[in-house]
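Note sheet for the following structure.
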Amino acid sequence: MTKRELIGKIIIQENIDTVDANKIDKTFVINVPDPYKSYYTRFTDVEKPTSIIFVTKQPNSFEKILRVTQKINKEHNLDITGAKCEVKIGSRKLSGVRVKGINRYTEIIAIQEHYKNEGFEFAKSEKFKDTDSIIRINRFFNIEELDEGIYKSHLEDNTYYVQVPKFMNWDDFRKYTFDIKNNITDRNYDIAKGILYDKGGIIEMLRIVKPKATVEFLKTIQQKYIDKLQ
């Protein structure tokens with residue numbers, strides 16, 4: 001099977017919480033729940049955060065975040081991944097660094113200190129729970145092709161990507177997703193939209209999170225969106 005490493009962007013909608021302990025005092029840190037767990041229930045496994053966002057005063061370039069994360073991993077024997085992200089809550093837009101690979105909730109403050117020591121400035125603390133947001137993340141994708149236009153992630157468990165032929169704006173994506181989920185037998189999956197940058201241009205794709213998803217299931221979801229886009 002063909003393996004590829006590409007840069008791209010993912011857009012997800014999640015209910016998020018602030019992290020109110022184990023962080024640098026008076027800074028703004030967000031916990032993003034596991035997408036599959038959050039489909040059923042609120043994220044409760046705080047001992048091992050799935051995804052943490054350090055909200056910054058100003059946007060930082062993707063290149064800077066990658067370089068600093070690489071340096072932190074090398075100097076502190078860590079295996080975290082950092083990505084550029086934007087969090088939209090209502091009309092507000094927040095800039096941040098999305099970090100994955102933190103083993104325990106109590107490790108957040110040490111990793112945040114590493115970014116601070118490299119010149120990252122964090123936004124002033126806020127506090128909220130279960131707040132609707134749209135998160136845009138610029139990141140690397142390491143994928144393996146399972147079938148034509150069907151891919152599996154090598155970085156994240158139970159995560160798959162399917163290619164679609166056309167761009168969907170966010171409103172259309174939400175509308176199509178609502179219609180499809182209400183007309184399919186197996187609704188137990190999480191879905192988001194995004195793009196991959198290829199040498200041939202932009203690839204429009206959907207990210208699907210589902211344990212042990214079959215190629216047949218992924219093709220079914222893919223075809224339903226293709227039908228909507230015709």
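Computed over region 141-229, the P(r) curve from all C-alpha pair distances, binned at 5 Å from the origin, holds 3, 14, 28, 27, 19, 9, 1, 0 percent per bin. Comparing His154, His76, His114 in a Gaussian network model of the chain (Cα springs below 10 Å), the most mobile by mean-square fluctuation is His76.
Taking R0 as 41 Å, what's the FRET efficiency between Glu148 and Ile24 from their Cβ-Cβ distance, rounded to 0.05? Walk me through the intermediate numbers first.
Numbers: r = 47 Å, r/R0 = 1.15.
Calculated transfer efficiency: 0.30.
Using the Cβ-Cβ distance between Glu5 and Thr220 with R0 = 25 Å, the FRET efficiency computed as 1/(1 + (r/R0)^6) comes to roughly 0.35.
Computed from backbone phi with θ = phi - 60° and the Karplus coefficients 6.51, -1.76 and 1.60, the 3J(HN,Hα) list for region 85-90 is 8, 10, 10, 10, 10, x Hz; x is used for glycine and proline. Annotation for region 46-110 versus region 156-210: alpha-carbon center distance of 24 Å.
Pairs from the list Lys48/Lys93; Lys57/Lys193; Lys127/Lys152 with a Cα-Cα gap above 32 Å: Lys127/Lys152.
For the chain, which DSSP H helices look membrane-span-like by this rule: Cα extent along the axis of 15 Å or more and mean Kyte-Doolittle of at least -1.0? Don't skip to the end; give the middle numbers.
Working: long enough: 62-76 (21 Å, -0.95); 170-181 (16 Å, -1.30); 215-229 (21 Å, -0.27).
Long hydrophobic helices here: 62-76, 215-229.
For all pairs of alpha-carbon atoms in the chain, what percent lies in each bin of width 5 Å, listed from the first bin to the last filled one? Cα pair-distance distribution for the chain, in percent: 1, 6, 14, 18, 19, 17, 12, 8, 4, 1, 0.
Here the Karplus relation 6.51 cos²θ - 1.76 cosθ + 1.60, evaluated at θ = phi - 60°, turns the backbone of region 4-13 into coupling constants of 9, 10, 10, 8, x, 9, 10, 10, 10, 10 Hz, with x for every Gly and Pro. Restricting region 78-177 to trypsin sites (Lys or Arg not before Pro) that sit in a DSSP loop and have at most 11 other Cβ atoms within 10 Å of their own Cβ leaves Arg104, Lys127, Lys129, Lys166.
Couplings 3J(HN,Hα) of region 128-133, computed from phi: 7, 9, 6, 9, 5, 8 Hz, in residue order, whole Hz [Karplus 6.51 cos²θ - 1.76 cosθ + 1.60, θ = phi - 60°; x for Gly and Pro].
Using only alpha-carbon positions, what ratio does the radius of gyration of region 11-134 give when scaled by 2.2 N^0.38 Å? The partial results should precede the final answer.
Values: Rg = 13.5 Å, N = 124, 2.2 N^0.38 = 13.7 Å.
That ratio works out to 0.98.
Shown is the FRET efficiency for Asn188 and Gln58, computed with R0 = 25 Å from the Cβ-Cβ distance and rounded to the nearest 0.05: 0.05.
Throughout, read-outs are computed from the coordinates displayed, never taken from laboratory work. Being a predicted model, the structure only gives us computed values, none of them experimental. Using ideal geometry, Cβ is built from the backbone for each residue, glycine included, and neighbour counts are taken over all protein chains shown.
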